[in-house]
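To start, the structure itself, in C-alpha coordinates.
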Amino acid sequence: KPIDYRELTARLRVGMRVWGMQERLRQAAIMDGLTGLYNHDHLNRILEAEWRRACRYGAPLSLVMLDIDYFKAVNDTFGHLTGNEVLEQLAAILRGNIREVDALGRFGGDEFVIVAPEASLHDAAAMAERIRLGVCEQLRVDAMRDHILTTSLGVAGSEDRRVHSAADLVALADR
(Lines give C-alpha, C1' and ligand atoms only; values in the text may rest on other atoms or scores of the structure.)
Protein backbone atom coordinates (compact mmCIF):
# COMPACT_ATOMS: atom_id res chain seq x y z
CA LYS A 1 0.00 0.00 0.00
CA PRO A 2 1.17 3.49 -0.59
CA ILE A 3 1.91 5.32 2.67
CA ASP A 4 1.59 9.01 3.35
CA TYR A 5 4.45 9.47 5.82
CA ARG A 6 3.16 12.82 7.06
CA GLU A 7 -0.21 11.29 7.96
CA LEU A 8 1.48 8.27 9.57
CA THR A 9 3.74 10.56 11.64
CA ALA A 10 0.77 12.70 12.71
CA ARG A 11 -1.24 9.63 13.77
CA LEU A 12 1.72 8.26 15.71
CA ARG A 13 2.14 11.58 17.52
CA VAL A 14 -1.54 11.64 18.49
CA GLY A 15 -1.36 8.04 19.67
CA MET A 16 1.72 8.75 21.79
CA ARG A 17 0.07 11.82 23.29
CA VAL A 18 -3.09 9.83 24.19
CA TRP A 19 -0.94 7.03 25.66
CA GLY A 20 0.96 9.57 27.79
CA MET A 21 -2.26 11.14 29.07
CA GLN A 22 -3.66 7.72 29.97
CA GLU A 23 -0.47 6.88 31.88
CA ARG A 24 -0.68 10.16 33.82
CA LEU A 25 -4.32 9.37 34.68
CA ARG A 26 -3.35 5.88 35.89
CA GLN A 27 -0.67 7.39 38.14
CA ALA A 28 -3.03 10.07 39.45
CA ALA A 29 -5.54 7.36 40.39
CA ILE A 30 -3.08 5.59 42.73
CA MET A 31 -0.75 8.34 43.95
CA ASP A 32 -1.08 11.15 46.46
CA GLY A 33 -0.55 14.38 44.55
CA LEU A 34 1.50 16.12 47.24
CA THR A 35 3.88 13.43 48.46
CA GLY A 36 4.08 11.15 45.43
CA LEU A 37 3.29 8.17 47.69
CA TYR A 38 0.49 5.68 47.21
CA ASN A 39 -2.94 7.01 48.18
CA HIS A 40 -5.29 5.47 50.75
CA ASP A 41 -7.32 3.36 48.31
CA HIS A 42 -4.33 1.90 46.50
CA LEU A 43 -2.53 1.18 49.75
CA ASN A 44 -5.60 -0.73 50.98
CA ARG A 45 -5.54 -2.83 47.81
CA ILE A 46 -1.84 -3.60 48.35
CA LEU A 47 -2.47 -4.46 52.01
CA GLU A 48 -5.29 -6.87 51.11
CA ALA A 49 -3.12 -8.58 48.48
CA GLU A 50 -0.19 -8.88 50.89
CA TRP A 51 -2.51 -10.19 53.62
CA ARG A 52 -3.78 -12.95 51.29
CA ARG A 53 -0.20 -13.79 50.27
CA ALA A 54 0.99 -13.91 53.90
CA CYS A 55 -1.90 -16.20 54.84
CA ARG A 56 -1.30 -18.48 51.87
CA TYR A 57 2.44 -18.92 52.51
CA GLY A 58 2.51 -18.51 56.29
CA ALA A 59 4.86 -15.53 56.02
CA PRO A 60 4.79 -12.65 58.48
CA LEU A 61 3.26 -9.33 57.49
CA SER A 62 3.75 -6.15 59.48
CA LEU A 63 2.29 -2.70 59.27
CA VAL A 64 3.67 0.58 60.59
CA MET A 65 1.34 3.54 61.02
CA LEU A 66 2.82 6.99 61.54
CA ASP A 67 1.14 10.20 62.63
CA ILE A 68 2.79 13.64 62.93
CA ASP A 69 2.35 14.95 66.46
CA TYR A 70 0.38 18.22 66.66
CA PHE A 71 0.22 18.60 62.88
CA LYS A 72 -2.94 20.71 63.09
CA ALA A 73 -0.99 23.22 65.20
CA VAL A 74 1.70 23.34 62.49
CA ASN A 75 -0.91 24.22 59.87
CA ASP A 76 -2.68 26.69 62.16
CA THR A 77 0.51 28.43 63.31
CA PHE A 78 2.74 28.36 60.25
CA GLY A 79 0.24 27.90 57.42
CA HIS A 80 -0.67 25.14 55.01
CA LEU A 81 2.31 25.73 52.73
CA THR A 82 4.63 24.98 55.64
CA GLY A 83 2.47 21.97 56.50
CA ASN A 84 2.84 20.74 52.92
CA GLU A 85 6.60 21.15 53.13
CA VAL A 86 6.59 19.06 56.32
CA LEU A 87 4.60 16.32 54.56
CA GLU A 88 6.95 16.33 51.55
CA GLN A 89 10.06 16.11 53.74
CA LEU A 90 8.52 13.37 55.84
CA ALA A 91 7.73 11.38 52.69
CA ALA A 92 11.39 11.63 51.64
CA ILE A 93 12.56 10.46 55.09
CA LEU A 94 10.15 7.53 54.96
CA ARG A 95 11.32 6.53 51.47
CA GLY A 96 14.88 6.43 52.76
CA ASN A 97 14.02 4.11 55.65
CA ILE A 98 12.01 1.34 54.04
CA ARG A 99 12.95 -1.71 52.03
CA GLU A 100 12.34 -1.97 48.31
CA VAL A 101 9.56 -4.55 48.87
CA ASP A 102 7.66 -2.37 51.35
CA ALA A 103 4.66 -0.32 50.24
CA LEU A 104 4.45 3.25 51.54
CA GLY A 105 1.48 5.54 51.33
CA ARG A 106 -0.33 8.52 52.74
CA PHE A 107 -3.29 7.11 54.62
CA GLY A 108 -4.87 10.40 55.63
CA GLY A 109 -4.01 14.05 56.24
CA ASP A 110 -0.91 13.44 58.36
CA GLU A 111 -1.08 9.66 58.60
CA PHE A 112 1.29 7.42 56.70
CA VAL A 113 1.35 3.63 56.47
CA ILE A 114 4.09 1.18 55.60
CA VAL A 115 3.08 -2.33 54.57
CA ALA A 116 6.07 -4.58 55.27
CA PRO A 117 5.70 -8.07 53.77
CA GLU A 118 7.83 -10.85 55.27
CA ALA A 119 8.85 -8.57 58.15
CA SER A 120 8.42 -9.73 61.72
CA LEU A 121 6.97 -7.48 64.37
CA HIS A 122 10.52 -7.04 65.72
CA ASP A 123 11.82 -5.96 62.28
CA ALA A 124 8.94 -3.51 61.82
CA ALA A 125 9.50 -2.05 65.31
CA ALA A 126 13.19 -1.51 64.46
CA MET A 127 12.15 0.23 61.23
CA ALA A 128 9.70 2.41 63.17
CA GLU A 129 12.42 3.42 65.62
CA ARG A 130 14.79 4.36 62.76
CA ILE A 131 12.04 6.48 61.26
CA ARG A 132 11.21 8.13 64.58
CA LEU A 133 14.85 9.11 65.11
CA GLY A 134 15.25 10.15 61.46
CA VAL A 135 12.30 12.52 61.67
CA CYS A 136 13.68 14.17 64.84
CA GLU A 137 17.13 14.55 63.29
CA GLN A 138 16.36 15.32 59.65
CA LEU A 139 12.99 17.03 59.32
CA ARG A 140 13.75 20.75 59.24
CA VAL A 141 11.56 23.42 57.70
CA ASP A 142 12.88 26.99 57.45
CA ALA A 143 9.63 28.54 58.70
CA MET A 144 9.86 26.38 61.83
CA ARG A 145 13.54 26.92 62.63
CA ASP A 146 13.26 26.56 66.39
CA HIS A 147 10.80 23.66 66.39
CA ILE A 148 11.48 19.94 66.32
CA LEU A 149 8.73 17.77 64.92
CA THR A 150 8.00 14.37 66.39
CA THR A 151 5.90 11.45 65.27
CA SER A 152 3.86 8.75 66.92
CA LEU A 153 4.18 5.31 65.40
CA GLY A 154 2.17 2.15 65.84
CA VAL A 155 3.36 -1.27 64.76
CA ALA A 156 1.31 -4.43 64.28
CA GLY A 157 2.20 -7.86 62.95
CA SER A 158 0.27 -10.80 61.59
CA GLU A 159 1.77 -13.01 64.34
CA ASP A 160 -0.39 -11.22 66.93
CA ARG A 161 -3.32 -13.42 67.99
CA ARG A 162 -5.69 -10.43 67.82
CA VAL A 163 -5.07 -10.04 64.07
CA HIS A 164 -7.45 -12.01 61.83
CA SER A 165 -7.61 -9.69 58.82
CA ALA A 166 -5.86 -6.82 57.10
CA ALA A 167 -8.34 -4.45 58.78
CA ASP A 168 -7.33 -5.85 62.19
CA LEU A 169 -3.69 -5.09 61.33
CA VAL A 170 -4.56 -1.46 60.58
CA ALA A 171 -6.74 -1.09 63.68
CA LEU A 172 -4.07 -2.55 65.97
CA ALA A 173 -1.31 -0.34 64.54
CA ASP A 174 -3.60 2.67 64.83
CA ARG A 175 -4.20 1.94 68.53
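The values are calculated or read from the model by the stated rules, or taken from the named source; none is laboratory data. All values derive from a computational prediction rather than experimental measurement. Backbone-built Cβ (ideal geometry, glycine too); neighbour counts: all protein chains shown. Heavy atoms of the whole protein, side chains included, go into the accessibility calculation; ligands, DNA and RNA do not. Shrake-Rupley method; radii C 1.70, N 1.55, O 1.52, S 1.80 Å.
For this structure, a couple of remarks:
- Test: residue in the range 58-81 that is of a type in the set (Ser, Thr, Tyr) and under 22 Å from HIS164 (Cα atoms): yes
- Taken over the range 98-132, residues that are under 21 Å from ALA49 (Cα atoms), open to solvent by less than 50 Å² (accessible area, probe 1.4 Å) and more than 12 Å from the chain's Cα centre (by Cα) amount to 4.
- Inside the range 76-93, residues that are free of Cβ contacts under 8 Å to residues at least 40 places away in the same chain and open to solvent by less than 20 Å² (accessible area, probe 1.4 Å) make up a count of 1.
- When the criteria are applied in full, ASP4 fails the requirement of being of a type in the set (D, E, K, R) and either open to solvent by less than 70 Å² (accessible area, probe 1.4 Å) or in contact with a Ser or Thr (Cβ under 6 Å, 6 or more places away or on another chain) (or both).
A quick yes/no check of all residues on (1) hydrophobic (A, V, I, L, M, F, W, C); (2) at pLDDT below 95:
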| residue | (1), (2) |
| --- | --- |
| ASN44 | no, no |
| GLU50 | no, no |
| ALA54 | yes, no |
| PHE71 | yes, yes |
| VAL74 | yes, yes |
| VAL101 | yes, no |
| GLU118 | no, no |
| HIS122 | no, no |
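- Exclusive hit being in a loop (DSSP other than H, G, I, E, B) and either over 30 Å from HIS122 (Cα atoms) or touching a strand residue (DSSP E or B) at 6+ places or on another chain (Cβ under 6 Å) (or both), set THR9, THR35: THR35
- Restricting THR82, THR9 to those that are among the β-branched types (Val, Ile, Thr), modelled with pLDDT under 95 and either closer than 21 Å to MET144 by Cβ or in contact with a Gly (Cβ under 8 Å, 6 or more places away or on another chain) (or both) reduces the list to THR82.
- Members of the range 152-175 that are touching a strand residue (DSSP E or B) at 6+ places or on another chain (Cβ under 8 Å) and either on the phi > 0 side of the Ramachandran plot or open to solvent by 80 Å² or more (accessible area, probe 1.4 Å) (or both): ASP174, ARG175
- Scanning the range 68-86 for residues that are closer than 15 Å to THR35 by Cβ and among the charged types (D, E, K, R) yields a single hit, GLU85.
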